[in-house]
Amino acid sequence: MRTIDLSHLISTNMPVYPGTEPPKMKTACTLAKDSFVEKEITLFTHTGTHLDAPAHIFTDGKTLDSYPVSGFWGRGVVLDFNDFSGSIITENDVLPYADLIRQADFVLLHTGWSKLWGSHTYFEDYPVLSADAACFLADFSLKGIGVDAISVDKVETVDFSVHKTFLAKDTLIIENLTNLELLVGQQFNLYCFPLKISTVDGSPVRAVAILDKI
């Protein structure tokens, strides 16, 4: 059994979505003063590798705590767009993967964009799904869709149409994944458990894949 970490490290100098604040960490309790160490951490719910729930976009959308724990793990499949030369992934581009998608709970899009993590380029020109491709994928009975970029929509979006397509079906969105190149052509289970927080619209996750074979 081989386990692959699909999560970025959370730190005070990490990349964050434009307009949000990076995490803040301070030592609230020390060995010298309290005989134990405890950190105080402040961060947005969509920091680092994280899940989006419908409440992120919709007024009456489901929050993460309303999902059963079984909704955060299942069979995964990677669609390989590492050599993709465009910026829009169309329905025709995902159609060849239809049989694989039918067997999956989670579909992960490998574009290779995670290699740009930490650079300004990470926020620019990453491939996203077209409206028809998003609708095509949303018609499958998926628990979630994941990407190795900052968002399933372009940063400059004003309507978050791809978010809406998936979240309207209660399909979770995982953003800022990494190491997806290690899963291309592999059979695996994906685990992406959020913190169990009341009425929350999103949460950082420790996303991991466990391969069927070593």
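Dipole magnitude for the range 52-195: computed about the Cα centre from +1 point charges on Lys and Arg Cβ and -1 point charges on Asp and Glu Cβ, it is near 400 debye.
Taken one residue at a time, the phi angles of the range 134-140 give Karplus couplings (6.51, -1.76, 1.60, θ = phi - 60°) of 4, 5, 4, 5, 5, 6, 7 Hz. Gly and Pro are set to x. Calculated [222 nm] ellipticity per residue, helices only, for the chain: -3000 deg cm²/dmol; basis is -39500 (n - 2.57) per DSSP H run with n ≥ 4, divided by all residues, nearest 500.
Largest to smallest in accessible area, the residues Cys29, Cys192, Cys135 fall in the order Cys135, Cys29, Cys192 (1.4 Å probe, all protein chains included).
Residue pairs exceeding 30 angstrom between C-alpha atoms, taken from Lys24/Lys196; Lys169/Lys196; Lys62/Lys213: Lys62/Lys213. Placing a label point 7 Å from the Cα of Thr199 along the Cα-to-Cβ direction, the residues of the range 38-72 whose backbone N falls under 14 Å of that point are 55-56, 59-66. Estimated from the Cβ-Cβ distance and a Förster radius of 45 angstrom, the FRET efficiency linking Thr157 and Leu211 is about 0.85. Between the range 164-214 and the range 29-67, the C-alpha centres lie 16 angstrom from each other. Per residue, the accessible area of the range 97-177 comes to 39 Å², computed with a 1.4 Å probe over protein heavy atoms only. Only Lys, Arg, Asp and Glu carry charge here, each on its Cβ (+1 for the first two, -1 for the last two); on that basis the range 25-91 has a dipole of about 280 debye about its Cα centre. Averaging the sequence gap over all C-alpha pairs within less than 8 Å and six or more residues apart, then dividing by the number of residues, gives the chain a relative contact order of 32 percent. Taking only protein heavy atoms and a 1.4 Å probe, the accessible area of the chain is 54% carbon and sulfur. The relative contact order of the range 19-138, computed from alpha carbon pairs under 8 Å that lie at least 6 residues apart in sequence, is 20 percent.
In straight Cα distance, which aspartates and glutamates are under 17 Å from Lys26, not counting same-chain residues fewer than 8 positions off? Partners found: Asp34, Glu38, Glu40.
Principal axis extents of the C-alpha atoms in the range 115-186 (largest first, rounded to whole Å): 35, 33, 17. When Glu40, Glu175 are compared by accessible area at a 1.4 angstrom probe, the order from most to least is Glu40, Glu175. Taking amide H atoms as placed 1.01 Å from N in the peptide plane, the amide H of Leu129 lies under 5 Å from those of Ile89, each 5 or more residues away in sequence or on another chain.
Looking at the chain, the DSSP beta bridges with both ends there are about 65 percent antiparallel.
The values are calculated or read from the model by the stated rules, or taken from the named source; none is laboratory data. Remember, predicted model here, so these are calculated numbers, not experimental data. Glycine gets a Cβ as well: all are built from the backbone with ideal geometry, and neighbour counts include every protein chain shown. In case anyone asks, the SASA skips ligands and DNA or RNA and just uses the protein heavy atoms, side chains included. Shrake-Rupley method; radii C 1.70, N 1.55, O 1.52, S 1.80 Å.
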